[in-house]
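The values are calculated or read from the model by the stated rules, or taken from the named source; none is laboratory data. If you're wondering where the values come from, they're calculated on a predicted model, not measured in any experiment. No Cβ is skipped: glycine too gets one built from the backbone with ideal geometry, and neighbour counts run over all protein chains shown. The protein model used for the area step is the full one, side chains on, heavy atoms only, and it has no ligands, DNA or RNA in it. Shrake-Rupley method; radii C 1.70, N 1.55, O 1.52, S 1.80 Å.
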Amino acid sequence: MEDDSDPEQSCWAGLPDVCLRHVFHWLDDRDRSRAALVCKKWSRAMYSGSLWRTRTITFNGRPSRAHTFEFETALWYVKKFGKYLEHLEIKLLNPYNAVLTRKFQVTMRGLLSHLGKCNSRLVSLSIQHLELDRVVWRSMVRAQFIKNLGTFLKRMSKHLDYLNLKGARVTLEEGCELLNSLSYLRNKSLISEVNIEDFFSLHLPIYSSTLFHQAVSKFHNLVILTFNYNCISDELLDILCKHSAHSLCTLNIKCHIHDPHGQVVWGMSWANLAKRAPRLNVNFFFERVMKHDHLARILLVEIPVRSISLRSCYFSDPDWTMRPTLINLLPAYRHVLQKLTLEVNNDHELLDDELLQLILSCKRLFFLKVWAFLSVTFMEKLLQNRAEKKCILTTIKVRIYTARQETSEEDRLLRDIYKKFKYLIDSELNYFVITYPMV
């Protein structure tokens, strides 16, 4: 490589550093290490900070020879290149037993400790789906992990801009302690995006907790907040209005059937927040919360709703019906709703007409995803209205449930509909429609 007499080698030797780094960018760790042995120039490229700014570290939760060195490799990486890190994602995949969670905790203690000492660039941290309430997490291991994570967040709080602890499943006290870590140095946090969806354990009425309100009141620059409806209260909305209204753009709210969601929240609180935060969009994600009276208590007209997702997860309950929701509730957002997702098992009621009328009334709706019992003619009517520009849909994803295993007739009709509207579909739509036997 160092000998310029070989034209081919000379060509590689003269490769600009920016091109060499681009090549290294597409190599995995093993190939990068091997390439670094070629010559001094390639070795220097190996240690270019731009190659190591983003990292996903995955720990497999099941014992396997193939994954034996994951823990050692993670520590090696942080010690070698941790000072360059700006975006770190850590995944623990379904830990099998207490031995693996203990090993993960010990590894994370070393990893976070070293990173906290050598790194001053980290702006993004994601550690999702820890599920710390599972029995594989012994109480001492769990407590030590949360302590180590809290210490690390205190060190990083000055420049951390994004934190994702989705699915941590911690207690109220543990969760508030971690959130308080972000404001440790200045008694306030300027972090802009926080994801605490399923952060707290199931069944906890977080909305009534003074500890939680105090923790959130220290966030003074929130742009995007993702959390569960069991955190929502008039007090929380007032806190967001007071401290983050100037920056707040998005609230992503998940409402699960097993989370408390019967609290009373006044429309005036939402109206005040919407007025003080004019750029605010609210996205709702409902999981098996399908009864009209429950939804009506939550979906107040004062909320600037951008998207709504209603999922029954294949469950069918004769006590709930979607028709009042489609006719009376969702049309209240016809001037603001942009995305609608319905995944419902409506085997006890037909919703074709009601759904079509809702779509046509929502003047800003561009995304539609529906998994439901529908007639094939619904698709023909929808596409006809789209062709006549009576709606502005650009994405249509539909799974038509059928009560029969044999769907050849429905499939044939769908093909005919596609041929009829082929030009529209191919040129203007992100379109995917299938039939699906629900037997």
Could you please report the charge total around Ser269, scoring K, R as +1 and D, E as -1 over all other residues with beta-carbon less than 13 angstrom from its beta-carbon? -1
In a shell of Cβ-Cβ distance under 14 Å around Lys420, excluding Lys420 itself, what net charge do Lys and Arg (+1) and Asp and Glu (-1) give? +2
Does the stretch 147-204 come out rounded, prolate or oblate, given a ≥ b ≥ c as the square roots of the eigenvalues of its C-alpha gyration tensor, rounded meaning a/c under 1.5 and, failing that, prolate meaning a/b above b/c? prolate
Over the stretch 72-114, what percent of the accessible surface lies on carbon and sulfur atoms, probe 1.4 Å? 53 percent
With θ taken as phi - 60° and the coefficients 6.51, -1.76 and 1.60, list the Karplus ³J(HN,Hα) couplings across the stretch 348-358 in order, rounded to whole Hz; mark glycine and proline as x. 9, 7, 8, 10, 3, 5, 5, 5, 5, 5, 4
Length gained if Gln384 through Arg415 is fully extended, taking 0.36 nm per residue and subtracting the Cα-Cα distance, is 9.6 nm
Using square roots of five times the C-alpha gyration tensor eigenvalues, list the equivalent-ellipsoid semi-axes of the stretch 57-196 in whole Å, biggest first. 23, 19, 12
R0 = 22 Å: FRET efficiency of Glu86 with Lys188, Cβ-based, nearest 0.05? 0.45
Lysines with Cα under 25 Å of Lys83, excluding same-chain neighbours fewer than 8 positions away: Lys40, Lys41, Lys91, Lys103, Lys117, Lys147, Lys154, Lys158
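If you take the beta carbon distance between Thr151 and Arg21 as r and set R0 to 60 Å, what does 1/(1 + (r/R0)^6) give as a FRET efficiency, to the nearest 0.05?
In this case the efficiency is close to 0.95.
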Which label marks the calculated value of Rg and Dmax of the Cα atoms in Å, given the options [x] 26.1, 83; [y] 31.2, 125; [z] 32.5, 130? [x]
With each label point set 7 Å from Cα along the Cα-Cβ vector, what nm distance links Val123 and Lys291? 4.7 nm
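In a shell of Cβ-Cβ distance under 13 Å around Val99, excluding Val99 itself, what net charge do Lys and Arg (+1) and Asp and Glu (-1) give?
+4
For the stretch 282-439, give the percent of accessible area contributed by carbon and sulfur heavy atoms, probe 1.4 Å, rounded to a whole number.
Looking at the stretch 282-439 in its full context, I get 54 percent from C and S.
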Once fully extended, how much extra length lies between Lys397 and Leu300, figured as 0.36 nm per residue of separation less the alpha-carbon to alpha-carbon distance? 32.2 nm
Provide the per residue accessible area, probe 1.4 Å, for the chain, rounded to a whole number of square angstrom. 49 Å²
Which of the lysines could be linked to Lys422 by a straight reach, that is with a Cα gap under 29 Å, when you skip same-chain ones fewer than 8 residues away? Lys339, Lys363, Lys369, Lys381, Lys389, Lys390, Lys397
Amide H contacts of Ile57 (H built 1.01 Å from N, under 5 Å, at least 5 apart or other chain): Glu89, Ile90, Lys91
Could you work out what % of the accessible surface of the stretch 132-265 is carbon and sulfur, using a 1.4 angstrom probe and leaving DNA, RNA and ligands out of the count? 53 percent
For Thr54, Thr250, Thr377, give the ranking by accessible area with the largest first, probe 1.4 Å. Thr54, Thr377, Thr250
FRET efficiency for Phe315 and Tyr77 from the Cβ-Cβ distance with R0 = 56 Å, rounded to 0.05, comes out at 0.85
Directionally averaged shadow of the stretch 243-384, computed from the convex hull of its alpha-carbon atoms, nm²: 8.8 nm²
